[in-house]
Amino acid sequence: MIRVVPDFYPAFACIASKCGHSCCVGWEVDVDEVSLERYSNITGALGDKLHREIDMADSPHFRLDSRERCPFLTGENLCQLILELGENSLCQICADHPRFRSWFPDRVEEGLGLCCEEAGRLLLTHSEPLGFLRLPFDAEDEEPGEDYYALLELRAQLILRLQDRTKALKTRMCEAFSLCGENPPQRSLSEDIAFLLSLEILEPEWRTVLERLRENPQESWDADMERDGEHIMVYLLFRYFLSWGLERWDEGFALHFGAFTLRLLGALRGMTLREKGTLTLADRVEWLRRWSAELEYSEENLEALAEYL
């Protein structure tokens, strides 16, 4: 078995207190059984705090404070557990985030969720077409289903089409839809915005942004979108094409999600240009982060999106 990761993956490291949107704020953090057992053996003031701040109702998780901050997040936005016990003290979800893993018969595919601003920055500053590293992984291959290799080859062909920089990205996207036997979406931006406003809103500011966009729904395609959009489309194919194709018989989801995403991000970036007169890398990363947090990290929203698309 092999482990497949994007080629920028090894460069990733948590930027901790430099992060503008800490993953230790606003997210309920579950504590796995192994970590729970380890925490129960910690003594002293930290042990008392662990006992006090882990809520055992439903499933064990850290109690968030009134500002929805993890109780172990210091005023400097650093993790008290790491500071006092080292990185190996983290529970599994904290050690993994923002990584995601998808398991297939001959490989595990691992990437970085774009709700993390550092992951988004690495993706959007990647100048060359996104590549993938094949690394050894200590596990036995399993017998694949008959559709697995066909989907794997189709995804490879879709990525090649999307990374053909001799053509405009919108042309490449149309070719990718055709190769997959799908038609590009025909909905309006106003319809997409109305749909997004019907979903669960995770960050209150997101609703305000969407309502502003609804007042003046202009599609836009700024100078950086050719490269940014290519990377985002390939990211979505990597994350969703095989898993949704094999588990849900919906291999077209990743392409439709990509087209939906680029139109939305283009409109948001255009709104920023109109309002500020400029579009910085920080702006591009922030819109990507908000999109990912609201859609990719809500199972309910992702399911609703699949039905809508």
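Hey, how many Å between the Cα centroid of region 30-89 and the Cα centroid of region 274-309? After rounding, the separation between the Cα centres reads 30 Å. The Rg/Rh ratio of the chain, with Rg taken over Cα atoms and Rh as the Kirkwood radius over Cα pairs, comes to 0.98. Of the listed residues THR43, THR280, the order by accessible area with a 1.4 Å probe, largest first, is THR43, THR280. Principal axis extents of the C-alpha atoms in region 95-149 (largest first, rounded to whole Å): 37, 29, 21. A dipole drawn for the chain from +1 and -1 charges on Cβ atoms has a positive end, and of THR280, GLN157, GLY266 the residue lying farthest that way is THR280.
Quick one: pull the percentage of alpha-carbon pairs in region 184-290 with a separation above 21 Å.
Details: 2239 of 5671 pairs.
Percent of Cα pairs beyond 21 Å in region 184-290: 39.
With K and R counted +1 and D and E -1, the other residues having a Cβ less than 13 Å from that of GLU110 yield a net charge of +3.
Quick one: net charge around ASP250, please, counting Lys, Arg +1 and Asp, Glu -1 for every other residue with C-beta under 14 Å from its C-beta. Could you put the intermediate results ahead of the total?
Values: positive: ARG155, ARG239, ARG248; negative: ASP147, GLU182, GLU247, GLU251, GLU303, GLU307.
Taking every other residue near ASP250 into account, the sum is -3.
You can think of it this way: the chain between GLN80 and LEU133 has 15.7 nm of extra reach, that is 0.36 nm per residue less the Cα-Cα gap. Remark on SER220: its backbone amide H falls under 5 Å from those of ALA267, a criterion applied only to residues 5 or more positions apart or on other chains, H modelled at 1.01 Å from N. Magnitude of the charge dipole for region 250-289, about its Cα centre and with charges confined to Cβ atoms of Lys, Arg (+1) and Asp, Glu (-1), is about 260 debye.
Put ILE2, ILE54 in order of accessible area, highest first, and with a 1.4 Å probe you get ILE2, ILE54. Each Lys and Arg adds +1 at its Cβ and each Asp and Glu adds -1 at its Cβ; summed about the Cα centre, region 24-180 shows a dipole of about 980 debye. Think of a 1.4 Å ball rolled over the protein heavy atoms: the chain then has 50 Å² of accessible area per residue. The apolar share of the surface of the chain, taken as the fraction of accessible area on carbon and sulfur atoms (1.4 Å probe, ligands and nucleic acids excluded), comes to 49 percent.
Give me the number: length gained by fully extending ILE15 to GLU303, i.e. 0.36 nm times residue separation minus the C-alpha to C-alpha distance, one decimal in nm. Please report the intermediate quantities before stating the final value.
Numbers: separation 288, 0.36 × 288 = 103.68 nm, distance 3.10 nm.
100.6 nm is the gain from fully extending ILE15 to GLU303.
The H on the amide N of PHE100, modeled in the peptide plane, is under 5 Å from the matching H of GLY111, LEU112, GLY113, each at least 5 residues off or on a different chain. Dimensions of region 63-105 from C-alpha coordinates, computed as largest minus smallest value along each principal axis and given longest first, are 44, 24, 16 Å.
Given +1 at the Cβ of Lys and Arg, -1 at the Cβ of Asp and Glu and no other charges, the dipole of the chain around its Cα centre is 1340 debye to the nearest 20. Each Lys or Arg adds one and each Asp or Glu takes one away; over the other residues whose Cβ falls under 11 Å from the Cβ of LEU281, this sums to -3.
Selection among TYR9, MET225, ALA95 by position relative to the dipole of the chain gives MET225 as farthest towards the positive end (Cβ unit charges, Cα centre).
Set the Cα radius of gyration of region 118-167 against 2.2 N^0.38 Å, with N its number of residues, and you get 1.55.
Kirkwood Rh, Cα Rg: Rg to Rh for region 99-228? Before the final figure, lay out each step's value.
Details: Rg = 18.6 Å, Rh = 18.4 Å.
Result: Rg/Rh = 1.01.
The values are calculated or read from the model by the stated rules, or taken from the named source; none is laboratory data. All values reported here derive from a predicted model rather than from experimental measurement. Positions of Cβ are generated from backbone atoms using ideal geometry, with glycine treated the same way; all protein chains shown enter the neighbour counts. Ligands, DNA and RNA are stripped out before the accessible areas are found, and what is left, the full protein with its side chains, is counted by its heavy atoms. Shrake-Rupley method; radii C 1.70, N 1.55, O 1.52, S 1.80 Å.
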